[in-house]
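Heads up, the thing below is written out as structure tokens.
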Amino acid sequence: MSEDIKNTAVENEYGADQIQILEGLEAVRKRPGMYIGTTASRGLHHLVYEIVDNAVDEALAGYCDTIDVTINEDNSVTVTDNGRGIPVGINHKAGIPAVEVVFTVLHAGGKFGGGGYKVSGGLHGVGASVVNALSEWLEVQIYHEGSVYQQRYERGHVCYPLKEVGTCEAQKTGTTVTFLPDKEIFTETTEFDFDVLKRRLREMAFLTKGLRIILRDSRRPSEQEGVDDLEKKQIEELLQRAGAEPPKQEAPKQRVAQFHYEGGIKEFVAYLNKSKAALYESILYFEGTKNGVYVEVAFQHNDSYNESVFSFVNNINTPEGGTHLVGFRNAMTKTFNDYARNNKLLKDSEPNLSGEDIREGLTAIISVKIEDPQFEGQTKQKLGNSEARNAVDGIVSEQLTYYLEQNPTVAKTICEKSILAQRAREAARKARDLTRRKTALDNMTLPGKLADCSDKDPKNCEIYIVEGDSAGGSAKNARSQATQAILPLRGKILNVEKARLDKIYGNAEIKAMITAFGTGIHEDFDITKLRYNKIILMTDADVDGAHISTLLLTFLYRFMPELIKKGHVYLAKPPLFKLEKNQKVWYAYNEEELDRILQEVGRDQNNKIQRYKGLGEMDAEQLWETTMDPERRILLRVNYDEEMESEIDLTFTTLMGDKVEPRKEFIEENAKFVKNLDIW
Ligand code: TTJ
């Protein structure tokens, strides 16, 4: 092997191939967006996933059981696996070591080894060479047959031919890659967010049973993504309300997270259901290979009314579903109807259970691994392979039928829940038809409480959803009447996580929002009918306000997710402090800002500082100046990170669910979310 490498050193001059390689990586640097989507924070984190995906492939092939990811002090990242090691021998086609091909030739991933499923080179998979091209420097070490090999690259350029740099125990094998993202490319930020990496790596571990993934943050505590002082105060407040002791002040320590799930997606379902009451103890799990598609499905019902079904192809979330999801739904509907009929749980006179009835309160993961996934649809995110539909349908139908026969108690529980859902759905349909007929007759009567704007072009219009009638009154006086509509809501709105459809449709506040927005909901949803370009939630800057915002967001998320996905939903940010001095007024939106202002104007005796507890303490003029004037206000746009949709679901179910313990834990872990609901 080292013989080969020496030869390479001589031959590795600038040939035609070499020039082509450099042109390829130069193209990546010229248009990074084409390869990683964005050079903002999300693209930065994609670099890590890209490298980790290669190690996960080695785990899927059965040769690696541990992956270690470390954020180093200089913000470079090291990924280590204990696989076979990237081959160091000469690749005959390229005339250079295979490892050099992996890091310098575009789309070289997946060409080695052959067979098996690869998560790298999947939907986002662009190959390790793209990471190399976008890194200030990248180093790889390979442990193989007692030797350690190494190569370094700078902005994609080879610094020296692959060389042997030392020895190791003969049995030790593996690959270590360290890279520093290029500040010339990632101009917005090169700072890794521990929590973002943690969420994705946890998901990867759930999806690859048996694999251990460790994440460490070796940066100095001050540089680690932390919780600022204001956030700390808010968490303490929330925790006290939840009945917990105030948190002890602990010395900062190196952050480490470790994920290892022998049960794989079965444990994923348990994790998603942890804040809910399960309807039965077991989590059903089916696995098999058919038509070359490896299928895993896990599910469990809970007592809620929502469907939380997440599908994956080659470990990548498919929020738009596709053939694998269709196969799953078909199998569920068919198998449960057959069972219910055969066992007389459903009378001959009664109609079939609908798929939705069976999926009420269902938490499920569908994960398929497929060698050549085809993605369709506008955003190329929907799985199109028809063999995936047949594989999932076949495996679930067969194994679920058997399971239900063996477990009649579970079978009966699910059927009974579905029959209740069927009846409630029927009642809801009647209630909805009534409101529909009424609105049709009244030519879309807008809610009485709505103070609408006069401009009729939705592009120019915004609607403020305001907590309480008194704040609503101020907002009505303050607004710019042409473009700003105000809809005051009374008190806390219905928690849609805990109510069935018929009750939800009967709720006045919810009906008011639905008619005001104009879009309809669920299957009737039509974004072209949206009457306002911005939907702005304006609540008090305290814990109750945050709770009301969360209730409103939960409603929007469950009933009109497109509004969030398309960026129409915002949170208004009222100021926390007002400072008066010599007839001049300043507003501060957080404590640091107040400090800064005090620094500027001097900390005098006669400073008058008012801490706003609610919107009601501001008169119309103040409300306009601070929170509603488009020139001066602060709006937080609510984001929807489709890549982590299971985490979003967990956020809502945890914050809105019945169980207190998971909620406390969640608030402690996700302080940032509580402060700025737009961050996940
Ligand atoms: C390919 O087939 C022969 C044996 O080695 C297989 C391989 O490439 N294994 C492999 C690649 N293990 N780990 C990697 C890898 C690990 C990291 C962290 C980064 C990259 C680009 C590859």
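I need the semi-axes of the equivalent ellipsoid of the range 275-426: take the C-alpha gyration tensor, multiply each eigenvalue by 5, square-root it, list largest first in whole angstrom.
On the way: eigenvalues 144, 52, 42 Å².
In descending order the semi-axes read 27, 16, 15 Å.
Could you tell me the center-to-center distance, by alpha carbons, between the range 279-304 and the range 466-508 in angstrom?
Taking the Cα centre of the range 466-508 as reference, the centre of the range 279-304 is 40 Å away.
Summarise the accessible area of the range 26-192 (1.4 Å probe, protein heavy atoms) by the percent that is carbon and sulfur.
Values: 3270 of 6740 Å².
C and S fraction of accessible area: 48 percent.
Let me check I've understood the local charge: for ARG558, count other residues with C-beta under 11 angstrom from its C-beta, Lys and Arg +1, Asp and Glu -1. What total comes out? Provide the component values of the computation, followed by the final result.
Numbers: positive: none; negative: GLU307, GLU497, ASP649.
Overall, the nearby charge balance is -3.
Roughly how many Å² is the accessible area per residue of the range 26-192, as a whole number, for a 1.4 Å probe? Please report the intermediate quantities before stating the final value.
Numbers: 6740 Å² over 167 residues.
Result: 40 Å² of accessible area for each residue.
Quick check on the range 275-426: of the DSSP beta bridges with both residues there, what percent are antiparallel, nearest 5%?
Values: 20 of 27 bridges.
Bridges in the range 275-426 are about 75 percent antiparallel.
Run the dipole for the range 26-192 about the Cα centre, Lys and Arg Cβ at +1, Asp and Glu Cβ at -1, nothing else charged, and hand back the magnitude in debye, nearest 20.
For the range 26-192, the charge dipole is close to 640 debye.
Probe radius 1.4 Å, ligands and nucleic acids ignored: give me the carbon and sulfur share of the accessible area of the range 275-426 as a rounded percent.
Details: 2840 of 6280 Å².
Carbon plus sulfur share of accessible area: 45 percent.
Heavy-atom accessible area per residue, the range 275-426, 1.4 Å probe: how many Å²?
Values: 6280 Å² over 152 residues.
Averaged over the residues of the range 275-426, the accessible area is 41 Å².
Under a plain spin-label model, where a point goes 7 Å from the Cα along Cα-to-Cβ, how far apart in nm are TYR589 and ASP469?
Here the answer is 3.2 nm between the modelled labels.
So for the pair LYS613, GLU580, with labels modelled 7 Å out along Cα→Cβ, what separation do we get in nm?
Roughly 1.8 nm, to one decimal.
What accessible area per residue, rounded to a whole number of Å², is obtained for the range 434-575 using a probe radius of 1.4 Å? Provide the component values of the computation, followed by the final result.
Working: 5750 Å² over 142 residues.
Accessible area per residue, the range 434-575: 40 Å².
Mind giving me the FRET efficiency for GLU600 and GLU621? R0 is 25 Å, r the Cβ-Cβ distance, nearest 0.05 is fine.
Values: r = 24 Å, r/R0 = 0.94.
After rounding to 0.05, the efficiency reads 0.60.
Taking 7 Å along the Cα-to-C-beta vector as the label spot, tell me the GLU307-ARG637 distance in nanometres, rounded to one decimal.
Result: 3.0 nm between the two label points.
Counting C-alpha atoms alone, how compact is the range 356-495: give Rg to one decimal and Dmax as a whole number, in angstrom.
Rg, Dmax (Cα atoms, Å): 24.3, 66.
For the range 527-653: lysine pairs with Cα atoms under 28 Å, gap of 8 or more or different chains, count?
Pairs that pass both the separation and distance tests number 19.
For the range 26-192, count all C-alpha to C-alpha pairs, find those more than 28 Å apart, and express that count as a whole percent of the total. Provide the component values of the computation, followed by the final result.
On the way: 2104 of 13861 pairs.
Summing the P(r) tail past 28 Å for the range 26-192 gives 15 percent.
The values are calculated or read from the model by the stated rules, or taken from the named source; none is laboratory data. Nothing here was measured: the structure is a model prediction, and the numbers come from that model. Cβ coordinates were reconstructed from backbone atoms using ideal geometry, including for glycine residues, and neighbour counts include every protein chain displayed. The protein model used for the area step is the full one, side chains on, heavy atoms only, and it has no ligands, DNA or RNA in it. Shrake-Rupley method; radii C 1.70, N 1.55, O 1.52, S 1.80 Å.
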